[in-house]
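The block underneath contains the structure these notes are about, expressed in structure tokens.
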Amino acid sequence: MTEESNFEDSLAALEATVDALSRGDLPLDRALAVFEEGLGLYRRCHAILADSEQRVTKLIAAAEGLIEEPFPVE
Amino acid sequence: MDSLAVTCESRPGVPEALTVTQLARVIRDTVRANPILSRILVRGEVSNLQRAPSGHVFFTLKDATAQISCTLFREDAEMLGFDLEDGMDVVVSGDVDVFPRRGSVQLLIKAATPAGVGAFWAAYQKTRKKLAAEGLFDAARKRPLPSFPRKIGVVTSEVGAVVHDIVTILRRRYPIAHIVIAPALVQGPEAPASLRRALAFVADRVDVVIVARGGGSLEDLWCFNDEGLARAVAASRAPVVSAIGHETDVTIVDFVADVRAATPSAAAELVSPDATELMARINGAGRSLVGEIHEALRGARGRATALRERLSPRGLQRGVEANRALLERSFAALSAVAPREVTRQRERLDALGRRLDVLSPLATLQRGYAIAEREDGHVVAHAADVGSGDALAVRFQDGRIRVHVNQEQEDHDRRIEL
């Protein structure tokens, strides 16, 4: 699975951990586990957004079918 | 090429004669060999238009002083994108060919576009009414754009400012997405088929498609009024954002698209979330996490206070140690968030830790109190829980002594003699 395919899910999961904590009904050990999970998701989202390098490809109809080759962007 | 060998009898002093068939073949071969006469664009007025039951279309293209027969085969007629009519001013593209059997020169037409403002509007209005009547422009058909597209398709010319503008904006706003460019011709008679092909190629492998072209004349933009292209946009699996010409240009494709953008740059912004806003959202969630866990820890302290009386010293000590471990883990986790936030939280958590220490019964003993326990270590919190003859231990800060209860106090003012 690629990073870009996970961003949306990770962001939704991060916000779900905040919601779960903000309900305030979790026992402390569970709350801390959720907190740590949220922190991992926070780091992951941050890293995906900060470090992604955009892929740009060009679609070409070749003899073997449709292929994508890098599209030069200056 | 056929041999020009003469089959009729030759006579001295007279040039050798060709048969008619031979002549026709020479003409045909000459026409076919001339590159100027293939893939040619011709402008003229449609007349004598006839539609054969087979689906082929025959007409004459003429101007003030000349005319030429034209044939449009069924497959090409179906792909034309608008209806040819007598009197219509058109630009056609195709190949000149010769039909020896009828001794005629013809234009085999592959594609056509209306030419001139009058023809343009007539065809435009006709297509627009037709597709509107079918409901292809209905608001209910419009699909929402994905919030986080993983792949973004771009159908446009691969050269020029449009593709560059779109890529530049997407790179700034949403570098996570993969951009797939599907190159297409964006003007001329071949453009509708080229655009349809590019859209069909890309629509199945992306989450959203931008169909874009820079500004141009009515004729330049004509391909985006093509009926077949409009139907392809309507049928696209991925939602389509159109950005064609300037804001004042509205093509049939714009009506059919799920969203119409004023410019290619605006289209790029419409299909992509803004990374700056996303980063703010992520950081906001991080801050909320820290705030909420702080609340949870405060709540835990409150519960620890409430439980104090009911826990054995040893058990409470373990509880304190466990809480310390949790606090240490949370410190470690917090240190990843934001240094300033962590410093502030750490100070508050340190204070919380000190309070937990104060709550420890061991600290209570340090202050000179003693605790009565049963043999199993349970704290005796109420005189009413003790009966005469019970064996207890009294715990001081420096050790414990065993005692027996030898008298039980009555009623409300119970007193225990040790």
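The values are calculated or read from the model by the stated rules, or taken from the named source; none is laboratory data. Bear in mind that the values here come from a model prediction, so they are computed numbers and not experimental data. Glycine also receives a Cβ, built like all others from the backbone with ideal geometry; neighbour counts cover every protein chain displayed. These area figures cover heavy atoms from the full protein model, side chains too; ligands, DNA and RNA do not enter into them. Shrake-Rupley method; radii C 1.70, N 1.55, O 1.52, S 1.80 Å.
Matching residues to (1) in contact with a Ser or Thr (Cβ under 6 Å, 6 or more places away or on another chain); (2) open to solvent by 20 Å² or more (accessible area, probe 1.4 Å); (3) assigned by TED's automatic domain parsing to the domain that holds B:Arg196; (4) free of Cβ contacts under 8 Å to residues at least 60 places away in the same chain:
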| site | (1), (2), (3), (4) |
| --- | --- |
| B:Ala24 | no, no, no, no |
| B:Leu41 | yes, yes, no, no |
| B:Pro53 | no, yes, no, yes |
| B:Cys70 | no, no, no, yes |
| B:Ala111 | yes, no, no, no |
Review point. Does A:Leu41 fit the bill of being in contact with a Ser or Thr (Cβ under 8 Å, 6 or more places away or on another chain), more than 7 Å from every other protein chain (Cβ to nearest Cβ) and open to solvent by less than 60 Å² (accessible area, probe 1.4 Å)?
Key: yes
**Study point:** Options A:Glu64, A:Glu53; residue that is loosely packed, with under 13 Cβ neighbours inside 10 Å, closer than 30 Å to B:Val155 by Cβ, charged (D, E, K, R) and at the interface with chain B (Cβ under 7 Å from one of its Cβ atoms)
**Key:** A:Glu53
Revision key, fill the gap. Given the conditions (1) at the interface with another protein chain (Cβ under 9 Å from one of its Cβ atoms); (2) open to solvent by 60 Å² or more (accessible area, probe 1.4 Å), every one holds for A:Leu59 apart from (2)
Exercise for review: Inspect segment A:4-26 for any residue being facing another protein chain (nearest Cβ under 9 Å), in a strand (DSSP E or B) and out of contact with any Gly (no Cβ under 7 Å at 6 or more places or on another chain) and give the result as yes or no.
Suggested key: no
Point to revise | Enumeration of residues in segment B:113-123 that are open to solvent by 10 Å² or more (accessible area, probe 1.4 Å) and either aliphatic (A, V, I, L, M) or touching a helix residue (DSSP H, G or I) at 6+ places or on another chain (Cβ under 9 Å) (or both) | key: B:Thr113, B:Val117, B:Ala119, B:Phe120, B:Ala122
Practice item. Could you check how many residues of segment B:55-68 are exposed (fewer than 15 other Cβ atoms within 10 Å of the Cβ) and under 25 Å from B:Arg128 (Cβ atoms)? Key: 1
Practice item. May I ask you to say which residue of B:Glu75, B:Glu85 is open to solvent by 10 Å² or more (accessible area, probe 1.4 Å) and touching a helix residue (DSSP H, G or I) at 6+ places or on another chain (Cβ under 8 Å)? Key: B:Glu85
Practice item. Those residues that are of a type outside the set (Val, Ile, Thr) and over 26 Å from the mean Cα position of the chain (by Cα), I need them from segment A:58-71; list them, please. Key: A:Ala61, A:Ala62, A:Ala63, A:Glu64, A:Gly65, A:Leu66
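Let's see how each residue does on (1) farther than 15 Å from B:Ala275 by Cα; (2) more than 7 Å from chain A (Cβ to nearest Cβ); (3) under 14 Å from the mean Cα position of the chain (by Cα); (4) of a type in the set (A, V, I, L, M):
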position	(1), (2), (3), (4)
B:Ala140	yes, yes, no, yes
B:Pro149	no, yes, yes, no
B:Val154	yes, yes, yes, yes
B:Arg173	no, yes, yes, no
B:His178	no, no, yes, no
B:Ala182	yes, no, no, yes
